[in-house]
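Chemist: Have a look at this one before I ask anything.
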Amino acid sequence: MIKIQINRQFFLHFVKYSFVGAFNAVFTFLFYFILLKVIRLHYLVSFSLSWLLGVLLTYIINFLWVFKPEQKLVFKSRLLKYFTVYITSYLLNMFLLKQLTELTRRDPLLVQLVIIPVVVAVNFAGIKYWCMNGRPIKGRENNSHRKRRNI
């Protein structure tokens with residue numbers, strides 16, 4: 001029998017990230033629904049607008065509550081990395097949404113539900129290991145002696 005040991009901090013990050021992700025998924029999906037079905041915007045435009053709002057919301061929550069790489073909310077370099085991760089997953093999502101919607105001829109709303117787990121995995125890996133890895137960002141190296149807050 002193989003025993004898998006998961007780092008406690010990784011586990012806590014993943015649980016918190018999943019909670020934020022679930023909240024964001026519901027929030028952006030409802031926004032996507034309103035834009036798509038009520039306002040009747042094109043499905044790719046609806047997705048783009050809901051995605052942008054979700055990225056900004058989750059950056060703030062992930063920075064302040066989940067990963068806490070620094071004491072203060074930093075928008076300069078971490079936000080650029082965050083957007084890079086999300087742009088990558090956005091392009092992946094758009095590609096899958098377009099291809100699967102056209103291939104299956106299913107409602108884009110249902111197709112988006114199927115795509116969500118793939119995008120969540122891509123985002124978590126990029127954010128945890130590249131964007132908010134706890135290393136000081138340029139210009140803040142002198143703060144590296146500071147103790148990180150416990151989770």
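The values are calculated or read from the model by the stated rules, or taken from the named source; none is laboratory data. Keep in mind that this is a model prediction, so the values were computed, not measured. Cβ coordinates were reconstructed from backbone atoms using ideal geometry, including for glycine residues, and neighbour counts include every protein chain displayed.
Chemist: May I ask you to list the residues in region 37-90 that are at pLDDT below 90 and either on the phi > 0 side of the Ramachandran plot or part of a loop (DSSP other than H, G, I, E, B) (or both)?
Modeler: Those that are at pLDDT below 90 and either on the phi > 0 side of the Ramachandran plot or part of a loop (DSSP other than H, G, I, E, B) (or both): K68, P69, E70, Q71, K72, L73, V74, F75, K76.
Chemist: Which members of region 97-118 meet the condition of being farther than 22 Å from R40 by Cβ and at pLDDT 95 or above?
Modeler: Q99, L103
Chemist: Within region 73-113, can you find the residues that are over 16 Å from the mean Cα position of the chain (by Cα) and in contact (Cβ under 8 Å) with a residue 12 or more places away in the chain?
Modeler: Within region 73-113, L73, V74, K76, S77, L96, L97, K98, L100, T101, P108, L109, V111 qualify.
Chemist: Please state which of the following conditions H42 fails to meet, knowing it meets all the rest: (1) of a type outside the set (A, V, I, L, M); (2) surrounded by 19 or more Cβ atoms within 10 Å (Cβ to Cβ); (3) over 20 Å from F124 (Cβ atoms).
Modeler: It is condition (2) that H42 fails.
Chemist: Any residue in region 38-57 that is touching a residue at least 12 places away in the same chain (Cβ under 8 Å) sitting within a Cβ distance under 8 Å of a residue that is among the charged types (D, E, K, R) and part of a helix (DSSP H, G or I)? List the pairs, counting only those 6 or more apart or interchain.
Modeler: Sorted first by the residue in region 38-57, then by its partner, the pairs are L44/K98.
Chemist: For region 45-76, which residues satisfy the criterion of being among the polar types (S, T, N, Q) and exposed (fewer than 13 other Cβ atoms within 10 Å of the Cβ)?
Modeler: Start the filter on region 45-76 by keeping residues that are among the polar types (S, T, N, Q), which leaves 46, 48, 50, 58, 62, 71.
If the condition is that a residue be among the polar types (S, T, N, Q) and exposed (fewer than 13 other Cβ atoms within 10 Å of the Cβ), then Q71 is the only one that fits.
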